[in-house]
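The values are calculated or read from the model by the stated rules, or taken from the named source; none is laboratory data. Because the structure is predicted, anything quoted here is derived from the model rather than measured. Every residue, glycine among them, receives a Cβ derived from its backbone with ideal geometry; neighbour counts consider all protein chains shown. For the accessible areas, the whole protein counts, side chains as well, though only heavy atoms, and no ligand, DNA or RNA atoms are used. Shrake-Rupley method; radii C 1.70, N 1.55, O 1.52, S 1.80 Å.
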Amino acid sequence: MAQLIDGKRISKEIKDELKEKTARLKERGISGCLAVIQVGEDPASSVYVRNKKRACEYIGIESLSYELPAETTQAELLQLIETLNSDKKVTGILVQLPVPDQIDENKIIKAISPSKDVDGFHPENVGALVSGLPGFVSCTPAGVIELLKRTGVSITGKNCVVIGRSNIVGKPMAILMLRENATVTIAHSKTKNLKEICKNADILIVAVGKPKMVDASYVKEGAVVIDVGIHRDADNNLCGDVDFDSVFETAQAVTPVPGGVGPMTIAMLMHNCVEALER
Ligand code: GUN
């Protein structure tokens, strides 16, 4: 039977540490704020945005909310970002993704000042990550590393398989595991012999975007399984990319959905927001 990796508890631990830190910074007259932009009313995005603003409130940093209509043009959004880039009071800027089709996501990501890019999506921050230089790191992969470390999972020398190659999760995840001295394989939808490759993993990180795709037949006895997915199943319950019940018997440790990686993403966003203040 697997150990349950409690992301909710660990994220609270991190937010409490950050809360103390922001209080100390405030005593020194250092404060700032996170500008959160949402374009349109995607229900999932609205939940994420609400949780991000709540987390800001919890750790004691101000947040500014920009809820723009779905018809917002790219020029209008770029103009807002430009204004926020120049506003000294604003220390972090976040545009919730996805944005509507008329807006080019990459243009938006590039427009945010790298020093305010608390999502860690700007090519300058991605480049810094790859080169091992300081910069903001994408929150979900950073959260996975923090989960592993705070659960006492050693990474050095381990075989790690990441399923998924997105810019937000898979690619930065692989780089971070490499930085922690794992031997890393990135698998994706075109990978041949996926099961065989996954069966070789000591640490299996699943960010594939398919509900309950990974069952026990993908998992080596005693492996650590991290589930980055989040979906609604046929009964409208939340589930991940991993078939939790199936994997629970085989794995040494596994993250639940909800309550695993999700809360860690927000904790690491708060970490980045505090880092932006400290700069
Ligand atoms: N959409 C899904 N995940 C994220 C994230 O981490 N940041 C932003 N801005 N949008 C997202």
Test residue 131 against the criterion of being more than 16 Å from the ligand (Cβ to nearest atom) and at pLDDT below 95, and give yes or no.
no
Kindly check whether there is at least one residue in the stretch 230-242 that is open to solvent by 30 Å² or more (accessible area, probe 1.4 Å), hydrophobic (A, V, I, L, M, F, W, C) and under 18 Å from the mean Cα position of the chain (by Cα).
yes
Please go through the stretch 229-279 and pick out each residue that is of a type in the set (Val, Ile, Thr), in a helix (DSSP H, G or I) and touching a Phe, Trp or Tyr at 6+ places or on another chain (Cβ under 9 Å).
247, 265, 266
Restrict the check to the stretch 35-43 and report whether at least one residue is surrounded by fewer than 17 Cβ atoms within 10 Å (Cβ to Cβ) and either of a type outside the set (Gly, Ala, Ser) or modelled with pLDDT of 95 or more (or both).
yes
Looking at 91, 72, 83 in this structure, which one is loosely packed, with under 13 Cβ neighbours inside 10 Å, more than 15 Å from the ligand (Cβ to nearest atom) and among the hydroxyl-bearing types (Ser, Thr, Tyr)?
83
Of the residues 81, 108, 59, only one is out of contact with any Cys (no Cβ under 6 Å at 6 or more places or on another chain) and under 29 Å from residue 8 (Cα atoms); which?
59
Got a number for residues in the stretch 232-241 being over 18 Å from residue 8 (Cα atoms) and touching a strand residue (DSSP E or B) at 6+ places or on another chain (Cβ under 9 Å)?
3
Report the residue count in the stretch 46-96 for those that are under 22 Å from the mean Cα position of the chain (by Cα) and in a strand (DSSP E or B).
12
Determine if the stretch 20-27 includes at least one residue that is of a type in the set (Ser, Thr, Tyr) and either open to solvent by 40 Å² or more (accessible area, probe 1.4 Å) or closer than 29 Å to residue 224 by Cα (or both).
no
When you check residue 164 against the structure, is it on the phi > 0 side of the Ramachandran plot, within 16 Å of the ligand (Cβ to nearest atom) and within 14 Å of the chain's Cα centre (by Cα), yes or no?
yes
Keeping to the stretch 206-218, report how many residues are within 15 Å of residue 256 (Cβ to Cβ) and buried (at least 24 other Cβ atoms within 10 Å of the Cβ).
2
From the list 99, 137, pick out the single residue that is in a loop (DSSP other than H, G, I, E, B), within 13 Å of the ligand (Cβ to nearest atom) and under 18 Å from residue 272 (Cβ atoms).
137
